[in-house]
Amino acid sequence: MKCAYCSQDPKNRCDLAGQDCTAGLLALTEYEELENQPFHRISGRFQAEYGNKLTRLEEVMKFAQEMQYKKLGLAFCVGLAEEAGVISRILENNGFNVSSVCCKVCGLDKKNYDVPNVKPDKFEALCNPLAQAKILNNSKTGINIALGLCVGHDMLFQKYSEAPVTTLVVKDRVLAHNPLGIVYSSYYRKKFKV
């Protein structure tokens with residue numbers, strides 16, 4: 001499959017009509033499973049009802065309300081602690097109970113995990129996505145929101161989270177947490193020969 005290229009051709013766009021380029025190889029019976037139905041339907045309905053009128057945070061809140069989740073988890077990078085505080089207050093001001101946990105929880109020593117320190121002569125805590133997931137699991141959150149977790153750590157967090165995970169912010173230290181900046185910057189496009 002090369003959908004990223006095919007979808008750029010106006011004659012082959014799947015945006016509204018859709019196409020089955022798999023020759024019927026995929027039987028998607030998982031959509032019929034009761035636990036999956038609300039996720040798929042609510043998301044699809046939001047597109048029809050709200051179009052491009054909701055921010056990502058507003059969409060997360062509306063989704064949580066529709067799913068009747070009262071308790072939300074917020075797993076965040078300590079580098080985004082200020083933003084996590086603002087987001088937590090917004091969620092709480094909108095009626096949610098928020099459990100939040102930063103990435104450095106439990107103070108794991110990088111040296112114990114064969115991870116080099118930035119400053120070799122000082123203690124440095126390693127991110128702890130497993131603890132983040134387990135703490136939020138113990139809090140019995142309905143959904144968990146990932147905020148700027150490192151690549152790799154985000155995957156471990158999602159793997160061990162018992163609640164479904166949505167990503168609100170992706171960390172990109174160079175592009176002000178906007179990874180699509182590469183696509184919109186002629187400098188970066190030249191750098192990557194695109």
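Coordinate-derived values only; no laboratory data. All values reported here derive from a predicted model rather than from experimental measurement. Cβ sites come from the backbone with ideal geometry, for glycine too, and all protein chains shown count toward neighbours.
The candidate values are (1) 9, 38, 39, 13, 1; (2) 7, 25, 31, 24, 10, 1; (3) 9, 31, 29, 18, 11, 2, 0; the one derived from this structure for P(r) over Cα pairs in 10 Å bins from 0, in percent carries the label (2). Placing a pseudo-label 7 Å from each Cα along the Cα-to-Cβ vector at Q37 and K110 gives an inter-label distance of 5.0 nm. Cross-link check: pairs K70/K119; K111/K134; K2/K193; K119/K171; K53/K191 evaluated at a Cα-Cα cut-off of 30 Å; pairs beyond the cut-off: K70/K119; K53/K191. Across the range 176-187, computed HN-Hα scalar couplings (Karplus, 6.51 cos²θ - 1.76 cosθ + 1.60, θ = phi - 60°) run 6, 6, 10, x, 6, x, 4, 5, 8, 9, 5, 4 Hz from first to last residue, x flagging Gly and Pro. Each of the peptides 161-174, 68-81, 31-44 was scored by the mean count of other Cβ atoms within 10 Å over its residues; in descending order, highest first, they stand as 68-81, 161-174, 31-44. With a simple spin-label model that places each label point 7 Å from the Cα along the Cα-to-Cβ direction, the separation between N178 and K119 comes to 3.2 nm. If you filter the range 150-194 for chymotrypsin sites (Phe, Trp or Tyr not before Pro), then keep DSSP loop positions with at most 13 other Cβ within 10 Å, what is left? Here the sparse-neighbourhood loop sites are F192.
Legend: calculated FRET efficiency, L26 to E83, from the Cβ-Cβ distance at R0 = 30 Å, rounded to 0.05, equals 0.20.
For the chain, the Cβ-based charge dipole about the Cα centre amounts to some 700 debye (Lys, Arg positive; Asp, Glu negative; other atoms uncharged). Here's the list of aspartates and glutamates a cross-link from K62 could span, going by alpha-carbon distance under 18 Å and ignoring same-chain residues fewer than 8 apart: E49, E92.
Applied to the range 104-120, the Karplus parametrisation 6.51 cos²θ - 1.76 cosθ + 1.60 on θ = phi - 60° returns per-residue 3J(HN,Hα) values of 8, 4, 6, x, 5, 7, 3, 4, 6, 10, 6, 10, x, 7, 5, 10, x Hz, with x for Gly and Pro.
Here the calculated FRET efficiency for R56 and R189, from their Cβ-Cβ distance with R0 = 25 Å, stands at 0.50, rounded to the nearest 0.05.
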